[in-house]
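**Q** This is the structure, below, for whatever I ask next.
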């Protein structure tokens, strides 16, 4: 099982990061697209209320995206340009995890982490929705990619039940890992 370095959690809220470089070193907030379905889906109207809480308004309007097709992974920057492409057949493993986050103490929630190992480099992605796990696992298995699921996300009943599901077991599951007890994170 891949042990995530603690440094991967350090700059999670730095929205000014160059996504192409950041995603290889720290967990980078990104939308996830699986066969054209995007998570989280952002509202199409004026994001006025969201902008008040945003670290950077441009991220709300068009956050970076990691796209999974049947045979490729594409990283898009905030302008929608593809900045990296990997063949899924070249992926060694994908580790899914859960990160306890809060925006306003004591309101905790959980975000999905994903580490994609390709040869000697790792992509670090964080997303507030766990639904992509269910959509990605069949694609990854089809390409014989090792799936690591130390938080047992496979048994998560639904994205809406994540607080109940992870709430009592999170502290136990992070023992022996570099996952923080909790992290302040401002999703899209």
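**Q** Could you order peptides 27-34, 3-10 by the average number of other Cβ atoms within 10 Å of their residues, highest first? Spell out each step's value before the answer.
**A** Details: 27-34: 23.1, 3-10: 14.5.
Result, highest mean Cβ count within 10 Å first: 27-34, 3-10.
**Q** Further, regarding this structure: Given labels modelled 7 Å from the Cα in the Cβ direction, how far is it in nm from residue 38 to residue 86?
**A** Placing both labels 7 Å along Cα→Cβ, they lie 2.2 nm apart.
**Q** Quick one: if you stick a label point 7 Å off each Cα along the C-beta vector at residue 119 and residue 143, how many nm between them?
**A** 1.5
None of the figures in this text is laboratory data; all of them are computed from the coordinates on show. Not measured: the values here are computed from a predicted model. Don't worry about glycine lacking a Cβ; one is built from the backbone with ideal geometry, like all the others, and counts go over all protein chains shown.
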